[in-house]
Amino acid sequence: MANIIPLADVDGALVEDLLDAAFEPERRARVAYKVREGTEWLPALSFAALDEDDMLAGTIQCWPVALTDPDKRRHPMIMVGPVAVLPALQGEGYGKALVLASIAAIDPRAPLPQVMIGDPEYYERFFGFTNAHTGGWRLPGPFDQRRLLCRSANPAVLPAEGLLGPWRG
Ligand SMILES: CC(C)(COP(=O)(O)OP(=O)(O)OC[C@H]1O[C@@H](n2cnc3c(N)ncnc32)[C@H](O)[C@@H]1OP(=O)(O)O)[C@@H](O)C(=O)NCCC(=O)NCCS
């Protein structure tokens, strides 16, 4: 059973080591890093999972981003990810526990849409992220449109087109 704690309680160097273990070394060149460039992860929505020996098993970070529509209106969103679980511990429920912790922490009175780049086979099946509304969205670099996913309580308000980038207030 995963023990979920705030990511802010974990040494940042341990988090970086875990991300290096879960992703390829070139992870920092990914377009997701550009989308959230210059922003800080949101402490209230970011978590760590500990295994039964209280060792770090996985992490999730969420970031403030915005989709800028063709009229230059900026629509605030929450970018979810990276979600990472140590390779040796994958498939044991840590990923699910982490994503559910972030989703549950979002204020239900102002549920901003959540956007992420990930496998729809995982994120749609368990959490309802879908690429159904993101076909006209662009990112500041190359990406696979199929893997650009959004989860929203009210998809009707989502812009059909826009460029995703960091939220700068
Ligand atoms: C993707 C990831 C976060 C999932 O976490 P996890 O703890 O391994 O997964 P869980 O134990 O919560 O869920 C397991 C279930 O999800 C399925 N699953 C896991 N990764 C999947 C994927 N990429 N595509 C489809 N299904 C997947 C498993 O088959 C399993 O299904 P089952 O319950 O029917 O057996 C983790 O595997 C990981 O860190 N991968 C490398 C980094 C990555 O790609 N992160 C996502 C992009 S930000």
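The values are calculated or read from the model by the stated rules, or taken from the named source; none is laboratory data. All figures in this text were calculated on a predicted structure; none of them were measured in a lab. Every residue, glycine among them, receives a Cβ derived from its backbone with ideal geometry; neighbour counts consider all protein chains shown.
Could you count how many residues in the stretch 97-117 are within 16 Å of the ligand (Cβ to nearest atom) and in contact with a helix residue (DSSP H, G or I) (Cβ under 6 Å, 6 or more places away or on another chain)?
Pass one, the stretch 97-117, residues within 16 Å of the ligand (Cβ to nearest atom): 97-104, 114-117.
Filter once more, keeping what is in contact with a helix residue (DSSP H, G or I) (Cβ under 6 Å, 6 or more places away or on another chain): 99, 102, 117.
Count: 3.
Could you identify the single residue in Gly128, Gly91, Gly95 that is crowded, with 17+ Cβ neighbours inside 10 Å and either touching a strand residue (DSSP E or B) at 6+ places or on another chain (Cβ under 7 Å) or more than 23 Å from Leu164 (Cβ to Cβ) (or both)? So that I can check it myself, show each step before the final result.
On the way: Gly128 fails: crowded, with 17+ Cβ neighbours inside 10 Å; Gly91 fails: crowded, with 17+ Cβ neighbours inside 10 Å.
Gly95 is the lone residue from the list that is crowded, with 17+ Cβ neighbours inside 10 Å and either touching a strand residue (DSSP E or B) at 6+ places or on another chain (Cβ under 7 Å) or more than 23 Å from Leu164 (Cβ to Cβ) (or both).
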Query raised in the report: Does Glu52 meet the test of being surrounded by fewer than 14 Cβ atoms within 10 Å (Cβ to Cβ) and either modelled with pLDDT of 95 or more or among the charged types (D, E, K, R) (or both)?
Result: yes
Report summary line: Going through (1) of a type outside the set (Ser, Thr, Tyr); (2) assigned to a strand (DSSP E or B); (3) in contact (Cβ under 8 Å) with a residue 60 or more places away in the chain one by one, Pro142 fails only at (2)
Report task. Evaluate the stretch 149-167: report whether one residue or more is within 12 Å of the ligand (Cβ to nearest atom), without any contact (Cβ under 8 Å) to a residue 60 or more places away in the chain and either over 23 Å from Thr39 (Cβ atoms) or crowded, with 19+ Cβ neighbours inside 10 Å (or both). Result -> yes
Query raised in the report: How many residues does the stretch 31-55 contain that are without any contact (Cβ under 8 Å) to a residue 60 or more places away in the chain and polar (S, T, N, Q)?
Result: 1
